[in-house]
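J.: Below are the structure tokens for one structure; questions will follow.
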Amino acid sequence: MRYETPSILRQKEPLFIDGPIYDMGGGYHPITSDLVGGREIVVVDYFEGADIVDDLNTLVKIEDNSVANVVCNDVIEHIENPWKVIENFHRVLKPDGVMFLSAPFIWHFHGHELIKGDWKSRVDYWRFTPLGLDALCKPYFQILCSDWDVDGVAVKDIPLGPQNTNIWRCGVHLVGKKTGKLTGGNALTMDSSSRWS
């Protein structure tokens, strides 16, 4: 979890609807209930030890329209086809369900190694801007807010110095509400003015 994420989750907690929060991909570093108003946390990840062992690319173990809230905190950059995961979140969320999504923008190469000891095999595909998260999510969600994370504690409270490079790291977040139907089309398309739409 990035340094600024806890304060951002606390700020966005009022946007969640009643019910548990499914922490998608939170296995090694799940969120804690104090960050989200004491709500129950259900951890979904691909390895044993998660509350629900499932692949975010399919989510076959979670029924459609059954989840109140989803948090996917700094996981989407490790997914080869992130639009498929966003589509799955839409499918499992209840009508008016809420998704909190965060991702890095400026961040070092990181992730789990597919081949032990081979750093080049780490699974790390993407970086996002707020516009990028909007483009990824708006076919499936009404965007309630999306922004840079640098206005949080990361920039204000981290001491400057050669030993601390976190000041150069930042991320983005988005909160979306499930819409009744898909708006259609590929999430990543360009309009005639060459801006993401």
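Residue by residue, here is whether (1) at pLDDT below 95; (2) surrounded by fewer than 20 Cβ atoms within 10 Å (Cβ to Cβ); (3) among the acidic types (Asp, Glu); (4) over 10 Å from the mean Cα position of the chain (by Cα) holds:
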| residue | (1), (2), (3), (4) |
| --- | --- |
| Val60 | no, yes, no, yes |
| Glu63 | no, yes, yes, yes |
| Ala68 | no, yes, no, yes |
| Val75 | yes, no, no, no |
| Glu80 | yes, yes, yes, yes |
| Trp83 | yes, yes, no, yes |
| Glu87 | no, yes, yes, yes |
| His90 | no, no, no, yes |
| Leu93 | no, no, no, yes |
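J.: One residue is enough: does segment 19-31 have a residue meeting the conditions in contact with a strand residue (DSSP E or B) (Cβ under 6 Å, 6 or more places away or on another chain), touching a residue at least 40 places away in the same chain (Cβ under 8 Å) and of a type in the set (D, E, K, R)?
T.: yes
J.: I've got another one for you. Kindly indicate whether Ile41 is farther than 24 Å from Lys138 by Cα, within 13 Å of the chain's Cα centre (by Cα) and either at pLDDT 95 or above or among the β-branched types (Val, Ile, Thr) (or both).
T.: Working: farther than 24 Å from Lys138 by Cα: yes; within 13 Å of the chain's Cα centre (by Cα): no; either at pLDDT 95 or above or among the β-branched types (Val, Ile, Thr) (or both): yes.
Against the criterion (farther than 24 Å from Lys138 by Cα, within 13 Å of the chain's Cα centre (by Cα) and either at pLDDT 95 or above or among the β-branched types (Val, Ile, Thr) (or both)), Ile41 does not qualify.
J.: Name the pairs whose Cβ atoms lie under 6 Å apart, with the first residue in segment 74-86 and free of Cβ contacts under 8 Å to residues at least 60 places away in the same chain and more than 12 Å from Asp55 (Cβ to Cβ), the second assigned to a loop (DSSP other than H, G, I, E, B) and among the aliphatic types (A, V, I, L, M), and 6 or more positions between them or separate chains?
T.: His78/Val123
J.: While we're looking at this one, here's another question. Out of Val153, Val123, report the one residue that is surrounded by fewer than 19 Cβ atoms within 10 Å (Cβ to Cβ), of a type in the set (A, V, I, L, M), at pLDDT below 85 and in contact with an Asp or Glu (Cβ under 7 Å, 6 or more places away or on another chain).
T.: Details: Val123 fails: in contact with an Asp or Glu (Cβ under 7 Å, 6 or more places away or on another chain).
The match here is Val153.
J.: Can I ask one more? Only one of (1) closer than 18 Å to Cys72 by Cβ; (2) at pLDDT below 90; (3) small (Gly, Ala, Ser); (4) not in a loop (DSSP other than H, G, I, E, B) is not met by Gly176, so which one is it?
T.: So the condition that Gly176 fails would be (2).
J.: Out of the residues in segment 9-23 meeting the condition of being of a type outside the set (Phe, Trp, Tyr) and touching a helix residue (DSSP H, G or I) at 6+ places or on another chain (Cβ under 7 Å), tell me which one is surrounded by the most Cβ atoms within 10 Å (Cβ to Cβ).
T.: Ile21
The values are calculated or read from the model by the stated rules, or taken from the named source; none is laboratory data. Note that the structure is predicted; figures quoted are calculated from it, not measured. Every residue, glycine among them, receives a Cβ derived from its backbone with ideal geometry; neighbour counts consider all protein chains shown.
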